[in-house]
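Okay, structure first, notes after.
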2 protein chains.
Amino acid sequence: MRFSKLLIPTLKEAPKDAVLPSHIYLVRGGFIYQVASGVYDFLPLGKKVLDKVKTIIKEELDNAGCQEVQLGFVTPTELWKKSGRYEKYGAELLRFKDRKSNEFVLGPTHEEMMVELAKQFVNSYKQLPLNLYQINLKFRDEARPRFGLMRGREFIMKDGYSFHDSHEDMVREFNLMEETYRKIFTRMGLDFRVVEADSGAIGGEGSKEFMVLADSGEDTIVVCDGCDYAANIEAAKRKTPDSQAEAPEALLNRFRTPDIKTIEDLSEFFSVDPYYLIKTVAKKALYDEGKSEIILFFLRGSDELQEVKATNSVGANELIDVSEEELEAAGLVPGFMGPVELIRNAKVLEDTPPFHEEIAHPNIKKVFDETLKNASHMICGANEKDYHIVGANLTNLKDLHFADIAQTKEGDQCAKCGGKLKFTKGIEVGHIFQLGTRYSEPLKAEFLDQNGKNRPFIMGTYGIGVSRLLAAIIEQHHDEKGSIWPVPVAPFEVVVIIGNIKDEQQKEVGEKIYNDLKSKGVDVLLDDRKERFGFKMKDFELIGIPYAVVIGKKLADGCVELIERSTLNRKDVMVDDIVNSVIESMQ
Amino acid sequence: MRFSKLLIPTLKEAPKDAVLPSHIYLVRGGFIYQVASGVYDFLPLGKKVLDKVKTIIKEELDNAGCQEVQLGFVTPTELWKKSGRYEKYGAELLRFKDRKSNEFVLGPTHEEMMVELAKQFVNSYKQLPLNLYQINLKFRDEARPRFGLMRGREFIMKDGYSFHDSHEDMVREFNLMEETYRKIFTRMGLDFRVVEADSGAIGGEGSKEFMVLADSGEDTIVVCDGCDYAANIEAAKRKTPDSQAEAPEALLNRFRTPDIKTIEDLSEFFSVDPYYLIKTVAKKALYDEGKSEIILFFLRGSDELQEVKATNSVGANELIDVSEEELEAAGLVPGFMGPVELIRNAKVLEDTPPFHEEIAHPNIKKVFDETLKNASHMICGANEKDYHIVGANLTNLKDLHFADIAQTKEGDQCAKCGGKLKFTKGIEVGHIFQLGTRYSEPLKAEFLDQNGKNRPFIMGTYGIGVSRLLAAIIEQHHDEKGSIWPVPVAPFEVVVIIGNIKDEQQKEVGEKIYNDLKSKGVDVLLDDRKERFGFKMKDFELIGIPYAVVIGKKLADGCVELIERSTLNRKDVMVDDIVNSVIESMQ
C-alpha cells in the first residue's frame, strides 16, 4: 500500500492524559482515536495490527480443536439474574431497556450466554468435550477507564468456554489451553510469564494468568529465583514465615500504651519484632442484595493485608474502608482493636484484671491470617483506649476462621522450593479458569452421562484481552522514538522510503523494490509522500515498522539502505540483493 | 473438520414464528440461535459462512482502494444531536446512560462518527479522496424484528464513507462502488438488480439499492421490459400517464352525490374514468421536536399515494393516519374532501352557487401529484357532506405544490424508453448514496481546498447488510429440503459421508478422500458420526453443502458417489478419480 493514499495521521503531540508509552505511541502513530472515555476507533493501521493479532489467535485455537462462534453482544438480563451475577457485577455491567422496556446488558463477558447455548444443544456426554470461543466486542463500564487500550470500556476480547463430563477432562483441556496460549503469545514476540491467579468474580476452582512482563504493568507478579513458581500477588503463596527475633516473654496482661496506635510505634514501645504483634484491619464487606458487614482481619505485624485474598476469605463482592465513627458505633476502639473477645471467651484471662463487658464484640466476624495459627507471646490491641494486651496466646483456641489473607513480600520463601521470592510487574493479557459447575449448576445446564444420569457440565473458561494486546506489545517493544512491532504483528513488515520523490530514479527504484517485495508476499508499505526525508524517517520510527529500505543518495553507487527498527542499525545493500536481504532479516 | 466434533445442532422443527425459508433453514441447519427478539448467536457453521461473506467484501473493497477501520459501537449522543438525527431517528436509536450519566447510543449507522474522524485528521484537499469502511456490529431497535437474520436488531453491516473535494469525484467513487458491489454480489452467486432508490433518513442527493431477487423480498422493484431501468417502488418514476377514456364534459358546479365516498362509487355514479377524479388522502406529518400537521395529498383517482414519496414531498419524518374526528376538528368532511378552497380562491366559481365560508381550509398544507398539472374536466370532493364538484379545472392556478407522490403501477410506461414497467420482489442487501454535504455541513467537517478556502467534504456512503446476506443467499438458493449454498459462501465446499462408520474399509477410504481433499485446499467436512446413512443425507440436504461424496456399498466396485446438492444428481466415480472430480465440479 501507498502511504500517500492511507489515513495514517501521525501526531507530534501525545494526548494530555497519556502516561504509558503504548497509549502515547498508539495515538501519535495514528493507530487509534478516542471517541469517548474508554472507547476507541481503530484507524487503518490499528485495524491491521488487530487483524494480525486475531489471526494468530484464531489459527492456534482452531489447531487446538476450538470452534469459533459469535454471540449476541446485547444480551437479556434474565440469565444474569439466574447466575447470580446481575447484582455481583456492580456498576461495570451496563444495563438498559429497549423500546418495549425489556431489560438488557452489554455483554462484559459471556459465561451465561455460552452456558445457555450448551444447554440448548448439548444433551449427551457423546457431544463432549466442546470448546467454543468468540473474538468479539465487550463492554465494561469501568469507573476509571485509562491508559488507552490498556483499560478501556469497549474492547475486544477472545472468550472461550469448554464443556466436559469430568473434572479430569476439564483439567486436560485447561492444560491444552495453557499450551495453546503459550504458543499464541510466543508467536506475537512477547516475553511473558504464566502465573497462578485469583479467580475473581468469575468464580471457580483454579486459574492462571498470562502476564506480559513490563515495568508499566498494573499487576505485581511474584516469581521465585529458585524454581518456576510464579503467581499474581493476589494469589501468591509463600512458606509460612518465622522470625529470628526473640519472642517477648510476658504473662497475659493489659498494658497501658498511651497513644501508641501504629505497628511501628508499638514495635518501638515494646522493643519487639513486629512478627509478634497482631495487626488488626477493619473493613466493610459488601455482599449481594446490598448486604454489608464490618469484618476484622488479623495479621502478624510484619505482614500487610492482601485485599483480594481477604475478599475471597469471606465470600464478599468487595471490601471498602470503614470510618472511625462506624467502628465506634460497632463498639470498636480505633487504634486499639484486637481479638480480645475471643481471648476472653477462651477463658485464659483468669489471672488478669477483668475485661469490661463493653469491649466485647461477639457479633463481628473475624478472620485470622494462617500464620497466626498457634501463635503465642503475641501483643494485640485491648479494644480499650490506650491499652494493649501482652502475652496473648492463640493456641488451644477453637473454631477460629483462618485463611491466607497476608500479602506475600519480596524476600519471602517460595512454598514450593524454599527459594527467594521476587516481585516484577506484568500486564495481564490472558486468563484461564477451571470453572467447574459454577455456572452450569445455577443455570441448570446438564447433560446425560454414560449411566443415563443428568449432571451439570464441568466447565473451563479462557480469555485473551485482544485489543489490550496492542498496548501490551508496545509496552514491551518500544524506545524513546516510538513503537517497535515484532514482525508477526507489525502493521507492515517493511516500509520502502523514497528519500526524494522528485528524483525520478529514486522513485523508479522504490516502486520496483516495493512491487518485488509485494510479489514475494511481504506486507510492504511504500512511503511515496511528498515530504522531507527526515519527516518520513521520524514516521517510520514512531509507527515502528520492523524494517525500512531507504532509497537515497547512495543509489548512485547502486546501493540502498536497510534499517532495522529495533536497533536502528543501518547497512548498505546492493539494489539487486535488497529483496532477499529483507526476507532474510525478517526470519 | 469432523462432524462428530463440531457443534452443528440440526433440528427437525422450525421456530414457530418462522415463515421464510432462510429463517427456517438457518435455524434448522444449526447456523444461528435466537437469544432475544432480533438478536442472534452465530453457531460454528453460521460464523464460517459469515467469515466467507466478510472476506469477499473485504477483498473487493481493498482492491478498490478502500481502507478498513473499526469505529466505536457505543457512541456519544453529542454528534447525533449536532447532525440533527438524534430526534429524527426515533425509537430505533437505542439510547442509554453510563455510570456517570453520560448519554450514549448503540450505533445504528456511523455517518456522524466517520465525519468526526475525517474532521480530526483530514485537513487538506491533498489527503482526498478517502474511502473508509468497517464491518461491524450495528443495533437498531426495530419495532417488529422478524424473519431471522432478515430484519434483526443486532446485526452486522459493512458501512463505508467516502470524502471528496468535488461533486464529480464523489460521483466517480459512487460509480466505482457500484461496480465493486456488483463484483461482490456476483462472487456470492447472487441474482440481483441495481435499482434507483429513495435516500430515506440518511438524506442526500441520489442513491441506488442492490436487490437480491426473491419472492419473499420485502421490497417491490419496478423493472422495465424494454431497457435496463429498475427502481425501488418508493422511488420509481414513470412516463406521465394519460387516459384513452373520454373526459366528462360539465360546467363547474356542485353536484349532489349522496353517500358516494369512494373512487369506485364515484366512477360508477358519474360513469367516468377514475383518471378524471381527484383522490384526496389526508395524513398527519410528523416532524422534529414533536411538531405535526395534517396534510392533504391530491392524486388522480387512478393512482395510489406512495407514502415514501409523499413523506419526502413535505420533508416529514413520517406520515401517520388521521382519525375522522381529527379531520372534522380541522374543518374537513371525510369522504368528501377536495381542493375546493383553492378553486374558490382562483375565482372560477362565479357562475355556480356560492360556497359556504366554513368549507374553506386555507391553513391546511396541500400537495398535488405532478400528473394533476393543468388537469381539467375533473371531479373532486366539495368538502361538504354528499356533494362533489364537477367541471373542476386546475389550469391557471398559481403556487400549487406539485410533486411526484403517486405509486408507479405495473403496466405504466418507462420514463426512459416508454417500455412496459413490471413489478418484482427483492431483498435489499446493499445501498449506496450520494450524500453531498448532508453531514459535513452541520458537523462543520471541512478541508482546505486548492485556493486555501475552507469547504465541507463532499461525501458518499455505502452499506452492505452483511448478516442479512446469509438470509438473502438462502432465499434465492434453497429447495424444499434445505439450503443450497453457492460454493464461495458455503459453510463447507464438500462433505465426505461415510455411509457406515462401522465398516472399516468405508472408514479408511473416507478418511483418505477427506485428507486428500484437504491437502488440495478444499474446505471439506468429514461426516464420521455414528448415525444412520439416511440421517446423514438429510443433514447434508438441510445444511446445503454444495457437494457430497458418499462412501457406501458401491465401494465393492471401487466406486463412490458424488452428489450435487443443487440438482441432487448422483454419479458414480472411481475412488482414484474422486478428488479431481470434486475439484472440477466446483469450478
Using a Förster distance of 35 Å, how high is the FRET efficiency between residue B:243 and residue B:167, based on the Cβ-Cβ distance and rounded to 0.05?
0.30
Mean residue ellipticity (222 nm) of the protein assembly as shown, computed from DSSP H runs ≥ 4 via -39,500 (n - 2.57), nearest 500
-7500 deg cm²/dmol
Take A:78, B:112 and order them by how many other Cβ atoms sit within 10 Å, fewest up front.
A:78, B:112
Out of the GluC sites (Glu not before Pro) in region A:377-455, which ones are loop residues according to DSSP with at most 12 other C-beta atoms within 10 Å?
A:410
Within 10 Å of each Cβ of B:46-54, how many other protein chain Cβ atoms are there on average?
2
Cβ-based exposure ranking for A:379, B:364, in which fewest neighbours within 10 Å come first:
B:364, A:379
Estimated distance in nm for a label pair at residue B:363 and residue A:520, the labels positioned 7 Å out from Cα along Cα-to-Cβ:
8.1 nm
Looking only at other chains, what is the average number of their beta-carbon atoms within 10 angstrom of each beta-carbon in A:152-165?
1
Write down the percent of antiparallel bridges among all DSSP beta bridges whose residues are both part of region B:463-587, to the nearest 5.
55 percent
Count the DSSP beta bridges whose two residues both fall in the protein assembly as shown, then state the antiparallel fraction as a percent rounded to the nearest 5.
80 percent
Region A:70-164: C-alpha gyration tensor shape, a/c 1.5 cut-off, then a/b vs b/c
oblate
What trypsin sites (Lys or Arg not before Pro) does region B:372-442 have in DSSP loop regions with at most 14 other beta carbons within 10 Å?
B:373, B:385, B:398, B:416
On full extension of the chain, what length is gained from residue A:481 through residue A:102, given 0.36 nm per residue of separation minus the C-alpha to C-alpha distance?
131.3 nm
Given R₀ = 25 Å, what would the calculated FRET efficiency be for residue A:329 paired with residue A:288, taking r from the Cβ atoms and rounding to 0.05?
0.60
Can you sort B:10, A:567, B:461, A:75 from fewest to most other Cβ atoms within 10 Å of each residue's own Cβ?
A:567, B:10, A:75, B:461
For chain A, just the Cα atoms, rotate onto the principal axes and tell me the three extents in Å, largest first.
101, 63, 49
About the Cα centre, charge dipole magnitude for the protein assembly as shown (Lys/Arg +1, Asp/Glu -1 at Cβ), debye:
1240 debye
Could you tell me which of rounded, prolate or oblate describes region A:492-586, using a ≥ b ≥ c as the square roots of the eigenvalues of the alpha-carbon gyration tensor, with rounded for a/c under 1.5 and, failing that, prolate when a/b is larger than b/c and oblate otherwise?
rounded
Among rounded, prolate and oblate, which fits region A:234-329 when a ≥ b ≥ c are the square roots of the eigenvalues of its C-alpha gyration tensor, a/c under 1.5 means rounded, and a/b larger than b/c means prolate?
oblate
A 18 angstrom limit on the alpha carbon distance is what I want to check against. Which of A:97/B:47; A:239/A:422; A:12/A:536; A:52/A:183; B:5/B:530; A:100/B:283 exceed it?
A:97/B:47; A:100/B:283
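Each reported figure results from applying straightforward, stated rules to the coordinates on display, with no laboratory input. Quantities reported herein were computed from a predicted structural model and do not represent experimental measurements. Quick reminder, even Gly has a Cβ in these numbers, built from the backbone with ideal geometry, and neighbours come from all protein chains shown.
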